[in-house]
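One structure is given below, encoded as structure tokens.
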Amino acid sequence: MEDNKTPIIIGSDHAAYNLKDYLKELIKQKGIEFRDVGAHSTEAVDYPEIGFQVAGAVSAGEYSRGILLCGTGLGMSIVANKFPHVRAALCNDLFSAIMSRRHNNANILVMGGRVVGDVLAREIVTAWLDTPFEGGRHQRRLDKYENMGCQVHVNTKTVANNL
Ligand code: RB5
């Protein structure tokens, strides 16, 4: 059963390495187990490599929640949302973080280390981990986009075939 102590998987590129280090302390203090898939220093790494690991593990059900960080959060969120069953939410503000849980049941939180400061990031992570999904009409909506991947694929193929 998922709760706010559920283990999480976390990763960043070099641009958010320091923020990841800072947030790991917070996660530890909260008594939450985590797996850090890197980056392991500020040496440049390509964000998709890290994004694949975190989003792949969440997509496969190995972890029910993950955190991804890069410079802006944009690259990581684009990469992560390519994976089935991943709902990665780029939340560089507190309101988005809360709503991404309440309404979107986001299972990956993404932030930009060059956008948010440490203290804001800390508040965002805390709110994100503690806010439950509201279900109900939001579950119905989520079901609609969970099932959409296939349709889009078919439509794209049809369009491509007609060109
Ligand atoms: C790295 O310079 C930067 O491009 C990356 O961290 C991220 O912001 C990409 O979206």
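For region 37-51, which positions are of a type in the set (A, V, I, L, M) and either assigned to a helix (DSSP H, G or I) or under 19 Å from the mean Cα position of the chain (by Cα) (or both)? Please lay out each step first, then the result.
Filtering region 37-51 for residues of a type in the set (A, V, I, L, M) gives 37, 39, 44-45, 50.
Listed by number, the residues that qualify are VAL37, ALA39, VAL45, ILE50.
Condition (residue is within 11 Å of the ligand (Cβ to nearest atom) and at pLDDT 95 or above) applied to region 30-43: is it met by at least one residue? Steps first, please.
Here is the first cut: in region 30-43, the ones within 11 Å of the ligand (Cβ to nearest atom) are 39.
Filter again for at pLDDT 95 or above, leaving 39.
Scanning region 30-43, I find at least one residue that is within 11 Å of the ligand (Cβ to nearest atom) and at pLDDT 95 or above, so the answer is yes.
Scanning region 1-21 for residues that are away from the ligand (no atom under 16 Å from the Cβ) and at pLDDT 95 or above yields PRO7, ILE8, ILE9. Taking every residue in region 122-142 that is farther than 20 Å from MET111 by Cβ and pairing it with any residue that is assigned to a loop (DSSP other than H, G, I, E, B) and aromatic (Phe, Trp, Tyr), at least 6 positions away or on another chain, the pairs with Cβ-Cβ distances below 9 Å are GLN139/PHE133; LEU142/PHE133. Filtered by the rule that a residue be surrounded by fewer than 16 Cβ atoms within 10 Å (Cβ to Cβ) and among the basic types (Lys, Arg), region 1-23 gives a lone residue, LYS5.
This table checks each residue for (1) at pLDDT below 95; (2) crowded, with 16+ Cβ neighbours inside 10 Å; (3) under 16 Å from the mean Cα position of the chain (by Cα).
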| position | (1), (2), (3) |
| --- | --- |
| GLY117 | no, no, no |
| ILE124 | no, yes, yes |
| ALA127 | no, yes, yes |
| VAL154 | yes, no, no |
| VAL159 | yes, no, no |
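Residue check: is ASN92 away from the ligand (no atom under 15 Å from the Cβ), modelled with pLDDT of 95 or more and either of a type in the set (Lys, Arg) or touching a strand residue (DSSP E or B) at 6+ places or on another chain (Cβ under 6 Å) (or both)?
Details: away from the ligand (no atom under 15 Å from the Cβ): no; modelled with pLDDT of 95 or more: yes; either of a type in the set (Lys, Arg) or touching a strand residue (DSSP E or B) at 6+ places or on another chain (Cβ under 6 Å) (or both): yes.
In short, no.
The values are calculated or read from the model by the stated rules, or taken from the named source; none is laboratory data. Being a predicted model, the structure only gives us computed values, none of them experimental. Note that we place each Cβ from the backbone using ideal geometry, even for glycine, and neighbour counts take in every protein chain shown.
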